[in-house]
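For reference, the structure is listed below as structure tokens.
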Amino acid sequence: MATAVNINDVLAGRVALEVECVDRLLLNAYVPSLQVPGQVVRFLAGHRGNPVPSPAVMGQIGNRFVGQVKAFAAADQVPLLRLAAPDRSRWDDRKLDHVRPYLDQAERDGRFGVVAIVSCQEFQHVFSARNRATKPGAVWFEFFRERRRVGAYYFYFLDREFWPGFVKICTYFPYPAQVWVNGHEWSKRQARRAGIEFAALSNGFAACADPERLQAICDSLGPDDAQAFFERSMSQIPTPLSPADRAAGYWWELSMRQVEVSRTLVLDDPRRARSFFEALVSDNVGIGRPEEVSVVFARQLRKATPGQFQTRVFTAGTDVRIDFRYRSSRVKQYLKDGRALRIETVINKPDDLGIQRRLRNLPDLIAKARQVNQRLLMIERAGQSCAIGSALFERIHQPYEREGQRTGALRFGDTRAMALAGALHHVLNAVTGFTNKSLRGHVAGLLGQDYSQHQMSYDLRRLRLHGLIERLPRSNTYILTAEGIRVAVFYTKLQNRLLRPLLDADKPPAPIDVRRALATIERAVKTYIQAARLAPAT
């Protein structure tokens with residue numbers, strides 16, 4: 001039997017470069033003083049001076065903005081592209097793919113600013129109005145929010161700091177907008193400016209002569225940089241809000257819509273990257289750790305794609321990816337350009353990690369996302385070196401007294417203890433933390449019977465007193481300690497990967513050499529019994 005690949009052996013001394021960096025940064029831009037109907041009336045009547053606040057006035061502002069965009073495109077000779085909805089079955093039908101030739105040409109020409117404008121229609125939450133007047137000829141408009149398909153313009157920039165990026169502005173009141181930039185591209189610009197030599201991945205770094213300075217640059221990306229890009233961009237394009245509106249307090253503010261924080265480990269040999277995933281997937285399949293393991297064959301798999309796509313294939317031309325979700329966010333792990341291990345935490349709702357959405361909270365969100373990336377890799381490495389020493393094994397097998405409290409043992413083989421280990425072994429709980437409620441469902445499922453909140457509280461207490469979990473300050477969330485990770489993985493693997501297969505080793509799917517060896521032992525034992533005249537009477 002071939003020696004199993006171990007993740008720790010793959011990574012030991014083989015990581016040529018390790019970098020943590022913000023990747024995709026998508027921000028919402030909204031006007032805080034235009035969020036409720038009363039503010040709309042105040043803007044149209046009080047600020048703009050219209051005697052009747054009506055939807056016709058909003059339409060005039062939007063039509064004027066559309067005209068200004070067309071005039072801007074014609075005057076500056078900026079391509080104005082009208083695109084239909086993207087074809088999700090193709091990887092090359094994104095808006096950026098259509099704009100890429102213009103970005104490349106602007107880069108060759110050394111020309112910065114708006115390089116293309118994409119006109120499209122999208123669903124947005126905007127204000128509408130209905131006439132609630134009862135008298136003929138009278139008007140009394142009631143404003144309300146609804147989701148409608150309206151026009152939007154994507155202004156694509158080649159920026160001196162961020163390189164490619166866009167600002168999207170909706171053409172309908174209250175003109176919601178979005179901002180997109182890429183943290184890796186920003187870091188590349190800053191590294192070149194600082195004179196740091198590096199080789200680039202398609203979206204990242206493949207090598208660097210000074211990793212510490214490069215990491216310091218990646219760490220320096222913050223809210224002020226994103227805000228500066230937004231201000232530079234808005235100063236170059238037409239907007240539905242005028243300078244007078246801004247002076248009166250009607251202007252956009254930024255909040256976080258989607259933040260991707262990555263950790264990239266570039267290995268010294270591309271073959272080691274594939275070996276890492278081979279070991280990782282084989283270690284995780286069948287013991288309930290990630291929620292989804294997929295092998296992608298050069299195309300995206302969707303719900304409508306027919307057939308089963310769970311085959312474990314590790315050959316040239318395949319991209320291995322492991323995903324799992326947490327509320328509205330997710331963590332993905334994949335090979336980057338066939339030579340680097342990339343872990344990305346994608347935060348679609350900052351609330352998932354207990355962070356408010358305002359842009360000023362970006363550093364806190366980055367810090368928490370990095371902890372998720374770091375913890376995922378730590379758990380994966382611990383999962384392949386999980387044997388526990390006799391001292392720890394004996395300690396958790398005995399009642400334990402700590403902090404003046406006595407708690408029960410966690411004996412291997414005990415049904416409840418094994419269900420606890422299996423639930424803690426689930427990578428989602430291990431990475432993001434867990435509460436009484438979230439863990440209780442996993443334990444109940446493994447037990448196959450009712451499992452009360454009181455029972456969960458008792459088990460959390462004994463896990464904590466044994467030093468296997470710890471409670472986060474000022475919260476009801478727990479995380480596994482280093483010993484807790486090893487115990488959970490060891491208990492689960494010992495039962496599911498060793499004892500159960502050995503007990504059923506005399507029949508398929510046990511390896512043929514094991515079955516032959518057991519058959520030989522069985523014949524030898526029967527012969528020995530018969531020679532001792534101890535065989536049962538026929």
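Before moving on, here are some points about what is shown:
- Approximate spin-label separation Glu197-Gln236, in nm, with each point projected 7 Å along Cα-to-Cβ: 3.2 nm
- The slack between Ala45 and Asp323, meaning 0.36 nm per residue of separation minus the straight C-alpha distance, is 95.0 nm.
- Reachable lysines, given that their alpha-carbon falls under 17 Å from the alpha-carbon of Lys168 and they are not under 8 places away in the same chain: Lys70, Lys95
- Region 35-141 - percent of accessible surface contributed by carbon and sulfur, probe 1.4 Å: 51 percent
- Point-to-point label distance, Arg516-Asp268, nm (Cα→Cβ direction, 7 Å offset): 4.0 nm
- Probing with 1.4 Å while keeping every protein chain in the model, the per residue accessible area of region 204-283 equals 38 Å².
- Hits among aspartates and glutamates - C-alpha to C-alpha of Lys332 under 15 Å, sequence gap 8 or more where chains match: Glu20, Asp23, Glu260, Glu291, Glu292, Asp319, Asp323, Glu344, Glu380
- Summary of the geometry: region 106-130 and region 455-493, compared by the centres of their Cα atoms, lie 49 Å apart.
- Each peptide in 335-342, 261-268, 7-14 was scored by the mean count of other Cβ atoms within 10 Å over its residues; highest first, the order is 261-268, 335-342, 7-14.
- Protection proxy ranking of 58-69, 122-133, by the mean of other Cβ atoms within 10 Å over each peptide's residues and highest first, is 58-69, 122-133.
- Rounded to the nearest 10 Å², the accessible area of His98 at probe 1.4 Å: 70 Å²
- Contour excess over end-to-end distance, with Cα ends at Ala531 and Gln449 and 0.36 nm allotted per residue: 24.6 nm
- Proximal lysines relative to Lys188, as straight alpha-carbon distance under 21 Å, when same-chain residues fewer than 8 apart are discounted: Lys336
- Stretching the chain fully between Thr435 and Arg471 yields a gain of 12.0 nm (0.36 nm per residue, less the alpha carbon separation).
- When the Cα gyration tensor is reduced to axis lengths a ≥ b ≥ c, the ratio a/c is 1.5 or higher for region 112-198, and with a/b above b/c it is classed as prolate.
The values are calculated or read from the model by the stated rules, or taken from the named source; none is laboratory data. Please read these numbers as outputs of a predicted model, since none were measured by experiment. Don't worry about glycine lacking a Cβ; one is built from the backbone with ideal geometry, like all the others, and counts go over all protein chains shown. Quick note on the areas: whole protein, heavy atoms, side chains included, nothing else; ligands and nucleic acids left out. Shrake-Rupley method; radii C 1.70, N 1.55, O 1.52, S 1.80 Å.
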